[in-house]
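Reading through the structure tokens given below for one structure.
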Ligand SMILES: *Cc1c(COP(=O)(O)O)cnc(C)c1O
């Protein structure tokens, strides 16, 4: 059997007829940027996230950068961020000239360890950027309490967690503002780049609408030094189609995760801790083992493609050579040991069982 890590063509084929129809509508309308489809998508995605506003932007990195720009963070402002995140969260902070302050994750959840945040707060700290990594919500209760105590903003990086729920609230509605990505491989993926910001803050939303469009509310009148970062009509139109199926897709991911959790039995492998059901949308199913590279090769030899999220921790990247001498032992251990198994809404039970059998036979 051959099982690709993620078969995007197959995933999108499920919606092919509807997607083609909606793209045709855009083509016929002849309006490609900041039009009716975007407006409708923004309304629908805000409703989905149970927030007051959604602002469509060009990609997930821009979503985070725009939030930081809207808050006018710059040089000397410190923003707390997990040390094991996908590097985009950190790049966004660097992009506005602020200082990313790395905090180690909890080895059980891979999310930022709330008990390690307070010691990193200084008089320059302005915000905590939480990342719902691999699809699991961060521990928002203690994070929001800290933010309140020190008067900090909470910014969510929700790029991997569309639809996850924490304490009866949707991701995107767990802090002051939230950045989403619709990169093709995400739980809600476009056919190209796309992103969005959600917030309940009237003033922030109005500013973001201008900032993504050259800093302009009225054509040729510029209030801010803005960006050009917009979700185009074609992507917005097809995201409207795919949004209708997001919960169904997430439920299938949950079923597969449940099967993996219940049936992978191998003492050399550490499974993700079983989360509260709605709090995890399983963007990735990440296991850990000291024999990571051997396991990856063994699975590949048996036709199963796996991926490492991520092979190099941000502080060891060349882009951050000023951090290369620092030590974040938990992040380093994670980056050495993690392996992501295929998990996607179109996988058959036969494929999932085949993967489990192969893993159980590995030693
Ligand atoms: C994908 C991702 C981003 C960036 O999104 P793009 O749309 O690729 O710019 C940011 N943060 C995390 C955690 C991601 O997984």
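Nothing in this text is a laboratory measurement; each read-out follows from the coordinates by a stated rule. No experiment lies behind these values; they were computed from the predicted model shown. Here Cβ is always computed from backbone atoms with ideal geometry, including for glycine, and neighbour counts include all displayed protein chains.
Quick notes on this structure:
- Square roots of 5 times each gyration tensor eigenvalue, C-alpha, the range 197-265, largest first, Å: 40, 15, 10
- With the simple spin-label model, which puts each label point 7 Å out from Cα in the Cβ direction, the residue 9 to residue 33 separation comes to 3.2 nm.
- Each listed q (0.16 Å⁻¹) maps to a log10 I(q)/I(0) for the range 129-217 from the Debye sum over equal C-alpha point scatterers, namely -0.68.
- With q set to 0.12, 0.19, 0.24, 0.28 Å⁻¹, the log10 of I(q)/I(0) for the range 106-168, from the Debye formula over equal scatterers at the Cα positions, is -0.29, -0.70, -1.06, -1.31.
- With the simple model of a label 7 Å out from the Cα in the direction of the Cβ, residue 108 to residue 228 spans 5.0 nm.
- Efficiency of FRET between residue 217 and residue 145 - r from beta-carbon atoms, R0 30 angstrom, step 0.05: 0.25
- Modelled spin labels at residue 94 and residue 273, positioned 7 Å past Cα toward Cβ, are 3.1 nm from each other.
- Over the range 2-50, the fraction of Cα-Cα pairs per 5 Å bin, rounded to whole percents and listed from the shortest bin up, is 5, 17, 15, 18, 20, 15, 6, 4, 1.
- The range 1-105: Cα Rg divided by the 2.2 N^0.38 Å rule of thumb: 1.45
- Extension gain, residue 47 back to residue 361 (0.36 nm per residue minus Cα-Cα distance, nm): 108.5 nm
- Distance distribution note for the chain: the fraction of Cα pairs above 34 angstrom is 27%.
- The range 33-76 shape via C-alpha gyration tensor axes, a/c threshold 1.5: prolate
- Between residue 122 and residue 263, the FRET efficiency estimated from the beta carbon spacing at R0 = 45 angstrom works out to 0.45.
- Shape category assigned to the range 213-363 from the gyration tensor of Cα positions, a/c cut at 1.5: oblate
- Gyration tensor (alpha-carbon) shape descriptor, the range 66-225, a/c threshold 1.5: oblate
- Calculated FRET efficiency, residue 40 to residue 16, Cβ-Cβ distance, R0 = 22 Å: about 0.60 to the nearest 0.05.
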